Amino acid sequence: MEPDPTKRFSSRVEDYIRYRPSYPPAVTSWLAAECSLDANSRIADIGSGTGILSRLFLDFGCDVFAVEPNADMRAGAERQLAAEPRFHNVDGRAEATTLPDASVDFITAGQSFHWFDAPAARVEFRRILQPQGWVVLIWNERLVTPGFLTEYEDLLQCLSTDYGRVDHRRIDSGEITRFFEHESWRTVSFPNRQDFNWDGIRGRLLSSSYAPLPGSPQYAPMMEELEAIFAKYQQDGQVKLIYETKMYVGQLT
C-alpha cells in the first residue's frame, strides 16, 4: 500500500464520491445550539477529501475552506462543489494549511484526524483559529452487529492490506484528550446508515484505502468473499451498513 497518507486515495476518488457516507444534518444543528455555529461562521475543513463534510457546512450557509493535500481528491471536490460561491478549495495539509492567522471560527476533520501528525496539527490549528474557536473531529464509525456487519468486519480483518493499522477506531479518548491538552472536550453521537446493492457494497469497500485494488493477489479472494456474504445476507438485493456518527468537540486553550 502507498505509505504516504496524502496519496493513498488517489486511485479511489470516484468510489469515494459515490459510495462514502455523508454526515447527519444533526451535526450542524448540534453545533448551532451548543457552539454558536451560524451562516456567518468560517470553517476550515481539514483533510476534506472530496468534500463530503464540506457540503454539510455549505448547505448550512457557511464559508468553507476545504484543505486537502491530495490533488485527485481536491479535483473530485471541485467537480462536486465548484458552483458553491462559499467553497474554497485549498492545497494544504493539517500541519500546514496555508490559511491566514486567526482566520476561521471552526476547524473540522471528517474521517481524517487519524492521518494527522497530531502535535504539529495542534500548533497549526491554534494559529488559524479565532480566539474561542472550536475544533470538531468527526467519524462515521461502522457498527459491528450480528449478521452481515460481523462477517464484513471479519472480511476486512482477514483479507485487507493494513486495516488494523489505519482503522480510525484505534483513536481513543486518551488520544483525544492529549490532542486538546485538557479533558473538557465533549462528545456526541448520531445514527447514520447506508443501503447498498451489490455494486454499491463493492464500491464502498473499494473506496477504503486498505482494500486491495484490481491486480493485487488479494483482490479476487476479497471480492469473492464479499459476494458470498452479500448473497447470504441481502434482502431484496440490499444490505445495510449501520454507523454511529461520533463527534468530538473542544477548544484549544
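The values are calculated or read from the model by the stated rules, or taken from the named source; none is laboratory data. Since we're looking at a predicted model, the values are computed, not measured. In this analysis, Cβ positions are derived from the backbone assuming ideal geometry, glycine residues included, and neighbour counts consider all displayed protein chains. Heads up: the accessible areas ignore ligands, DNA and RNA and are worked out on the full protein's heavy atoms, side chains in. Shrake-Rupley method; radii C 1.70, N 1.55, O 1.52, S 1.80 Å.
Can you give the FRET efficiency to the nearest 0.05 for S10 and Y219, using r as the Cβ-Cβ distance and R₀ = 22 Å? Kindly include the intermediate steps, with their values, before the conclusion.
Numbers: r = 17 Å, r/R0 = 0.78.
Computed FRET efficiency for S10 and Y219: 0.80.
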The size of the Cβ-based charge dipole (Lys, Arg +1; Asp, Glu -1) of the range 84-238 about the Cα centre, to the nearest 20 debye, is 320
With all protein chains present, the chain has a carbon and sulfur share of its accessible area (1.4 Å probe) in percent of 49
Both in Å, the radius of gyration and Dmax of the C-alpha trace of the range 121-253 are 18.2, 53
Debye calc, one equal point scatterer per Cα of the range 50-189, no solvent, log10 I(q)/I(0) at q = 0.17, 0.19, 0.21, 0.22 1/Å comes to -1.08, -1.25, -1.38, -1.44
Residue-normalised value, i.e. accessible area per residue, for the range 142-253 at 1.4 Å probe, in Å², stands at 50
In Å, the Kirkwood hydrodynamic radius from C-alpha pairs for the chain sits at 18.8
Note to self, the chain gives a 222 nm [θ] from helices alone (DSSP H runs n ≥ 4, -39500 (n - 2.57) apiece, / all residues, nearest 500) of -11000 deg cm²/dmol
Computed on Cα atoms, the radius of gyration and Dmax of the range 27-78 in angstrom are 11.5, 35
Calc'd 3J(HN,Hα), the range 221-231, phi into Karplus 6.51 cos²θ - 1.76 cosθ + 1.60 (θ = phi - 60°), Hz, glycine/Pro = x, comes to x, 5, 5, 5, 5, 4, 5, 5, 6, 4, 4
Mean projected area, convex hull of alpha-carbon positions in the range 13-121, reported to one decimal in nm², is 6.7
Residue-normalised value, i.e. accessible area per residue, for the range 16-137 at 1.4 Å probe, in Å², stands at 40
In whole Hz, the Karplus estimates of ³J(HN,Hα) for the range 58-65 (6.51, -1.76, 1.60; θ = phi - 60°; x where Gly or Pro) are 4, 5, 7, x, 7, 7, 10, 9
